[in-house]
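Colleague: Take a look at the following structure, please.
The values are calculated or read from the model by the stated rules, or taken from the named source; none is laboratory data. No experiment lies behind these values; they were computed from the predicted model shown. Cβ placement follows ideal geometry from the backbone for every residue including glycine, while neighbour counts extend to all protein chains displayed.
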Amino acid sequence: MAKCIGCGIKLQTHDENLAGYVPLLVSADLGDNVYCKRCYQIIHNGKRYNPEISDNDYYQKISVIKDQKAIVVLMIDIMDIYGGFIPNLHKYIGDNQVIIVVNKVDIMPKDVHLKKIEERIRGIAFKESLDVLSVIMISAKKKQNIESVLNKIFKIKDNAVKRSRSYRERRINKIRDCYILGCASVGKSTFINAIKEKYLDDKKLITTSDQFQTTMDFIKVYIDEDNYIIDTPGLINYRSFGAYLDYDSMKMLMPKSYLKPRTYQLHPDQTIFMGGLAGIDFIKGDKINVSFYTSNDLYIHRTKTINALNIYETQKTKLLVPPHTNEELERLSETKEVMFDIEDGAYDLLISGLGFVHIVGNNITFKVRVHKNIDVRLVETFI
Ligand SMILES: Nc1nc2c(ncn2[C@@H]2O[C@H](COP(=O)(O)OP(=O)(O)O)[C@@H](O)[C@H]2O)c(=O)[nH]1
Ligand SMILES: [Mg+2]
C-alpha cells in the first residue's frame, strides 16, 4: 500500500483509529496522492497528536544511513544550537559527510552576529565527530538561501562523480540519497516544501505544524530524475522545554516573527521569571542590564526575590505562562538550580527551548531555576 504524502506513514483502509487511515473510497479515487486522516486533521482542524516515535525507533530508522553512500543534512534551529545536535549521530551515519543547515534565521535581530553562531556550531560539530563540509544559514519559512543548500548537495555529488573510477562507482555517487535530519520542529518539512514550491512541479506539501513529530516516516521527494531528498521524523530533545509542553505552550514559545529583544534593569535580590518555566535570581553585584531574546509572546516578569516564591505559587498557569496546565506543571515539577558567575564581560545564557538572555556584568552572581533536564549554559556572547 502507498504512503501518506503528508507524513510518510504507510496507508491503511481498515481501522479508523490506527495510524495511516484513509477511507477506501478516497484511496480508490486518488491512488498514491492521499493524505492520511491524521494529516488531514492537523492541516484542516489544527488537531493535536502526541509524539509516537521513541528514541529507539528513531535511531533504528536512521541507522540505515551508515551502510549507504549518502549526504546528510543536519538541520538545526538557530534558537537552540546546542540542542540541535542529535546525540551520537556519527555512529548512525557512518563516514558520510554532513552539511549543517541552520534554520529560522529570519527571527534573529540584526545585532546578533551569525558568523559567531556559525563558528560555535563548527566547534560543537567537531566535538561530536561529524565531518562537516559546510554550515549554511537559511530561513525555510521565508525561502531564503535554500538554493545554497541545493547547490551544495549537487556540488558534492558532482565532485564525487568526477572522482569515481568505474561506471558503477559513478552511478552510486550520482544517485546517492540526501537525508534531512534534525530534532523535532527545526523546520525540516518546511524546508522541503520550500524547495517544492520554488523549484518542483510536485506542489503537494508535506504536513508541517507547531507540534512535534508531524512527520512519521521517511518521505522521498524527487528533485530530478536521479536525485531525491528524504524528509525524516524528528528526534525529541529531552533537554529542551518542547519535550514537556503541550501545543498551546509550544505555540507561544515558537517565535512567529523576528525577536524584539526586551531589556530589563536588574538589581541584586531581584528575580525575573520567564513565564513559569525559568526563574533567574540576581544574587550579587551592581545593577545590570539583561536582554531577553525569546519569543515575543513569552511573558517576562520582574519582582523582588523575597516575593518570588509567593508570586510563583499564586500566578503559575495564570500570569506566569507557559506552562498553561497542571499536567505540564507536573511534568516540569522536578527542578534544579544552577549558579553562574561573570567576572567581567558580555555573555549569553542559553536555555534550551526558550532562546537566550544577554547579560553584561562585572563580578556578578546569579542563579537559574529550571526543570532538572533542561540544558542551561552560559557562553561567550553572539552579540
Ligand atoms: N520563523 C520560522 N519558523 C519556521 C521556519 N521553518 C519552519 N518554521 C516553523 O517551525 C515549525 C516546525 O516546522 P516543521 O517543518 O513541521 O518542522 P520539522 O518537525 O523539522 O519537520 C512550524 O511551525 C514552522 O512554521 C523558519 O525558517 N522560520
Ligand atoms: Mg517534519
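Colleague: Only one of these conditions is not met by THR190: (1) of a type outside the set (Lys, Arg); (2) touching a Ser or Thr at 6+ places or on another chain (Cβ under 8 Å); (3) more than 16 Å from ligand 2 (Cβ to nearest atom). Which number is it?
Modeller: The one condition THR190 does not meet is (3).
Colleague: Look at ALA70 and say whether it is farther than 21 Å from ASP375 by Cα and touching a helix residue (DSSP H, G or I) at 6+ places or on another chain (Cβ under 6 Å).
Modeller: Taking the combined requirement at face value, the residue does not satisfy it.
A quick yes/no check of all residues on (1) aromatic (Phe, Trp, Tyr); (2) at pLDDT 95 or above; (3) outside the structural domain of VAL357 (by TED's automatic domain parsing); (4) under 18 Å from the mean Cα position of the chain (by Cα):
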| residue | (1), (2), (3), (4) |
| --- | --- |
| GLY242 | no, no, yes, yes |
| LYS251 | no, no, yes, yes |
| HIS267 | no, yes, no, no |
| MET274 | no, yes, no, no |
| THR294 | no, yes, no, yes |
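Yes/no per residue for (1) buried (at least 16 other Cβ atoms within 10 Å of the Cβ); (2) touching a residue at least 40 places away in the same chain (Cβ under 8 Å); (3) closer than 18 Å to THR232 by Cβ; (4) of a type outside the set (Val, Ile, Thr):
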{"site": "GLY94", "(1), (2), (3), (4)": "no, no, yes, yes"}
{"site": "VAL98", "(1), (2), (3), (4)": "yes, no, yes, no"}
{"site": "MET108", "(1), (2), (3), (4)": "yes, yes, no, yes"}
{"site": "VAL112", "(1), (2), (3), (4)": "yes, yes, no, no"}
{"site": "LYS115", "(1), (2), (3), (4)": "no, no, no, yes"}
{"site": "GLY123", "(1), (2), (3), (4)": "no, no, no, yes"}
{"site": "ILE156", "(1), (2), (3), (4)": "yes, yes, no, no"}
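Colleague: State yes or no: is ILE117 outside any loop (DSSP other than H, G, I, E, B) and touching a strand residue (DSSP E or B) at 6+ places or on another chain (Cβ under 6 Å)?
Modeller: Answer is no for this residue.
Colleague: Can you work out which of the residues in region 237-252 that are of a type outside the set (S, T, N, Q) and in contact with a strand residue (DSSP E or B) (Cβ under 8 Å, 6 or more places away or on another chain) is surrounded by the most Cβ atoms within 10 Å (Cβ to Cβ)?
Modeller: Filtering region 237-252 for residues that are of a type outside the set (S, T, N, Q) and in contact with a strand residue (DSSP E or B) (Cβ under 8 Å, 6 or more places away or on another chain), the one surrounded by the most Cβ atoms within 10 Å (Cβ to Cβ) comes out as PHE241.
Colleague: Have a look at SER291, SER295, SER352 and point out the one that is of a type in the set (S, T, N, Q), closer than 24 Å to ASP111 by Cα and touching a His at 6+ places or on another chain (Cβ under 8 Å).
Modeller: Checking each option against the conditions leaves just SER291.
Colleague: Does ASP106 meet the test of being at pLDDT 95 or above, of a type outside the set (A, V, I, L, M) and within 16 Å of ligand 2 (Cβ to nearest atom)?
Modeller: no
Colleague: Restricting attention to region 136-148, which residues are in a helix (DSSP H, G or I) and within 16 Å of ligand 2 (Cβ to nearest atom)?
Modeller: ILE146
Colleague: Have a look at ASN88, ASN96 and point out the one that is farther than 28 Å from ASP348 by Cα and more than 16 Å from ligand 1 (Cβ to nearest atom).
Modeller: Within the list ASN88, ASN96, the selection yields ASN96.
Colleague: Could I ask something else about it? With (1) in a strand (DSSP E or B); (2) at pLDDT below 95 as the list, and ILE76 as the residue in question, which single condition is left unmet?
Modeller: Unmet condition: (2).
Colleague: So, one more: Can you name the residue in region 196-236 that is more than 12 Å from ligand 1 (Cβ to nearest atom), farther than 21 Å from SER63 by Cβ and among the aliphatic types (A, V, I, L, M) and, of all such residues, is surrounded by the fewest Cβ atoms within 10 Å (Cβ to Cβ)?
Modeller: My answer is LEU200.
So that you can scan it fast, the table gives a plain yes or no per residue for (1) in the same structural domain as THR208 (by TED's automatic domain parsing); (2) part of a loop (DSSP other than H, G, I, E, B); (3) modelled with pLDDT under 85:
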| position | (1), (2), (3) |
| --- | --- |
| ASP15 | no, yes, no |
| LEU18 | no, yes, no |
| VAL26 | no, no, yes |
| ASP29 | no, no, yes |
| TYR35 | no, yes, no |
| ARG38 | no, no, no |
| GLN41 | no, no, no |
| ASN56 | yes, no, no |
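Colleague: Any idea how many residues of region 152-169 are basic (Lys, Arg), under 28 Å from GLY84 (Cα atoms) and either outside any helix (DSSP H, G or I) or more than 22 Å from the chain's Cα centre (by Cα) (or both)?
Modeller: 2
Colleague: Exactly one condition in (1) surrounded by 17 or more Cβ atoms within 10 Å (Cβ to Cβ); (2) closer than 28 Å to GLY355 by Cα is false for ILE71; which is it?
Modeller: (2)
Colleague: Filter region 118-177 down to the residues that are charged (D, E, K, R), within 16 Å of ligand 1 (Cβ to nearest atom) and closer than 30 Å to THR381 by Cβ and list them by number.
Modeller: If the condition is that a residue be charged (D, E, K, R), within 16 Å of ligand 1 (Cβ to nearest atom) and closer than 30 Å to THR381 by Cβ, then LYS141, LYS142, LYS143 are the ones that fit.
Colleague: As an exercise: evaluate GLU52 against (1) in contact (Cβ under 8 Å) with a residue 12 or more places away in the chain; (2) surrounded by 15 or more Cβ atoms within 10 Å (Cβ to Cβ) and give the number of the one condition it does not meet.
Modeller: Among (1) in contact (Cβ under 8 Å) with a residue 12 or more places away in the chain; (2) surrounded by 15 or more Cβ atoms within 10 Å (Cβ to Cβ), GLU52 violates only (2).
Colleague: Output the residue which, of all residues in region 90-103 that are in contact with a strand residue (DSSP E or B) (Cβ under 7 Å, 6 or more places away or on another chain) and more than 16 Å from ligand 2 (Cβ to nearest atom), is farthest from ASN173 (Cα to Cα).
Modeller: Checked region 90-103; the qualifying residue farthest from ASN173 (Cα to Cα) is VAL102.
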